[in-house]
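The values are calculated or read from the model by the stated rules, or taken from the named source; none is laboratory data. If you're wondering where the values come from, they're calculated on a predicted model, not measured in any experiment. Ideal geometry is used to build each Cβ from the backbone, glycine not excepted, and the neighbour counts take in all protein chains shown. Accessible surface areas use protein heavy atoms only, side chains included; no ligands, DNA or RNA. Shrake-Rupley method; radii C 1.70, N 1.55, O 1.52, S 1.80 Å.
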Amino acid sequence: MSDVNKNAVEHTLIEKITSLCKRRGFIFRSSEIYGGINGFWDYGPYGVAMKRALESLWWNFMVETRDDVEGLDSTVICHPKVWKASGHLDKFGDLMTDCRDCKARHRVDQMDDKTACPNCGSTNLTDPREFNLMMKTFVGPVFDEDHAAYLRAETCQPIFVDFHHVRISTRQKLPFGIAQIGKAFRNEINPRNFIFRSREFTQMEMEFFCADTDSMKWYEYWRSERIRYYKQLLEFRDDEIRIHDHGDELAHYAKAALDIEFAFPFGWGELEGIHHRGTWDLSRHQEFSGESMEYFDQETNSKFIPTCIETSVGVDRTMLAILCHAYDEDMAETQKEGKEKDVRVVLRLPAKIAPVQAAVFPLSKKLSEPAKKIHEDLREHFRSEFDVTGAIGKRYRRQDEIGTPYCVTFDFDSVEDGCVTLRDRDTMEQERVSAANIAEILRDKLDK
Ligand code: ATP
């Protein structure tokens, strides 16, 4: 395929996903009736169900199923000195250049040819300038510099600041980690590619504190754990993710760093960063707060500032990666159903994060009561939806489009034989199963 055609296909895929997300209430522009606000997105009913399921999956993997990682939920606004200490206030920005001809603004590190505008090709560019990405606000009634505060640009800094609180209250000893899921804000110059780069987004971060001598072992450990998470839980294929090692391009305090990248329709993009941060963050907070950030190791009878390994991923980028992975247009399967040329749009979402895990339909409105009873039982265990409107085929298609793995249909025979039809999203196979055992049958299938 020529590059032009390939670009067109990729372009269409992201457009199709964006349009499906809007149409079916997953994700749409914030404040759209006012024309929207660039870089801000709202999650609708199906989007929020999927986002919460994804966050729970990460939380379960990183915190609940481990004894050595604790949770935290800190404020979005912290003492401004936190950001002075972290270096964000002095140097957290991108080098930007403006095209004097077409007025487009570009991040210099993302330009292949640093001398030409990627938009119009002009070489009439301004000198690169530094733009700080921190979002500023004021705390209290006086709007002056003494009352300035910042929305956090990453969720990890409060983890460092609260290190001792968490350690003492949980009696944790090294090595152990602290994890947090929450909003982060960056005044990105070029928000783009749907929810890939936004100005308000959610991060899931974990800082793992250890002795420096063990730090590379833990770095390797978290790298393989995080890959395991993407492959086993999110079902990403080998050709969809890759590791970009930073090699020698490291911050002065770091020993190693890598990005886990996903093959988005617009190219490879960073999904998660795994960073060896040395003792940088705790040392800086010790310096700026005057409080000791040292750890006393009883075994070696020594005091030191722990070394930290970070895993940092965006929820929104993961949502986009999952949607790209899951989106499918299924011609062959529809032909099986005898509907030539009809394209079935299907989201092949992992069952654990599908916004609806089971949809229950009465074949006719007259059967609503017993079907609704099944739905009410199922929703005690799963995310279940009841749908009574439209032809049954249309109802199946609606569920395929939002990624529902199983549909349960209650028909006139069900009244007699106590069985319902269970339909599989991926194979479209239908089987008759006992209505009384449907929760158990679904649990077996969804746990696979
Ligand atoms: P990029 O180079 O793409 O700007 P980054 O290296 O600045 O990303 P980090 O500071 O390491 O990103 O943030 C960790 C994770 O947070 C990223 O891997 C990404 O998943 C997510 N993230 C960062 N910035 C944004 C954003 N503007 N919109 C959505 N997610 C983001």
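Tabulated results
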read-out	value
Sequence of Thr279, Thr404, Thr123 from largest to smallest accessible area, 1.4 Å probe	Thr123, Thr279, Thr404
Residues listed by number, region 215-239, amide nitrogen under 18 Å from Trp268 label point at 7 Å toward C-beta	223-224, 227-228, 230-231, 236-239
Those Cys residues of the chain for which no other cysteine Cβ falls under 4.7 Å	Cys21, Cys78, Cys156, Cys210, Cys308, Cys324, Cys407, Cys419
Within a Gaussian network of the chain (alpha carbon springs, distance under 10 Å), most fluctuating of Glu130, Glu70, Glu261	Glu130
Where Glu145, Glu225 fall by accessible area, highest first, once all protein chains stay in place (1.4 Å)	Glu145, Glu225
Calculated FRET efficiency for the pair Cys102/Phe143, C-beta based, R₀ 30 Å, to 0.05	0.25
Under 27 Å from the Cα of Lys91 - lysines, other chains or at least 8 residues apart	Lys81, Lys103, Lys114, Lys136, Lys183, Lys255
Distance in nm between pseudo-label sites at Lys136 and Ser169 (7 Å out along the Cβ direction from Cα)	3.3
Count of lysine pairs in region 334-440 with Cα separation under 21 Å (8 or more residues apart, or interchain)	7
Cα gyration tensor, region 1-135 - rounded (a/c under 1.5), prolate or oblate	oblate
Added length on full extension, which subtracts the Cα-Cα distance from 0.36 nm per residue, Asp424 to Ser292	41.8 nm
Straight-distance crosslink candidates among aspartates and glutamates, where the alpha carbon sits under 14 Å from Lys51 and sequence neighbours closer than 8 are dropped	Asp42, Asp316
Segment Ile77-Asn119, extension gain: residue separation times 0.36 nm, minus the distance between their alpha carbons	11.5 nm
Cα long-axis angle, helix 438-447 against the chain (0 to 90 degrees, to the nearest 10)	40
Asp342/Thr65 FRET efficiency (R0 60 Å; Cβ-Cβ; nearest 0.05)	0.90
Average projected area [Cα convex hull, region 102-158], square nanometres	6.5
Within a Gaussian network of the chain (alpha carbon springs, distance under 10 Å), most fluctuating of Gly140, Gly36, Gly47	Gly140
Contour excess over end-to-end distance, with Cα ends at Ala251 and Leu95 and 0.36 nm allotted per residue	54.5 nm
Once the Cα gyration tensor of the chain is diagonalised, semi-axes √(5λ) in Å	44, 30, 20
Nearest 10 degrees, 0 to 90: helix 315-326 Cα axis against the chain principal axis	40
For q = 0.15, 0.16 Å⁻¹, Debye-computed log10 I/I(0) when each Cα of region 306-448 counts as one equal scatterer	-0.76, -0.85
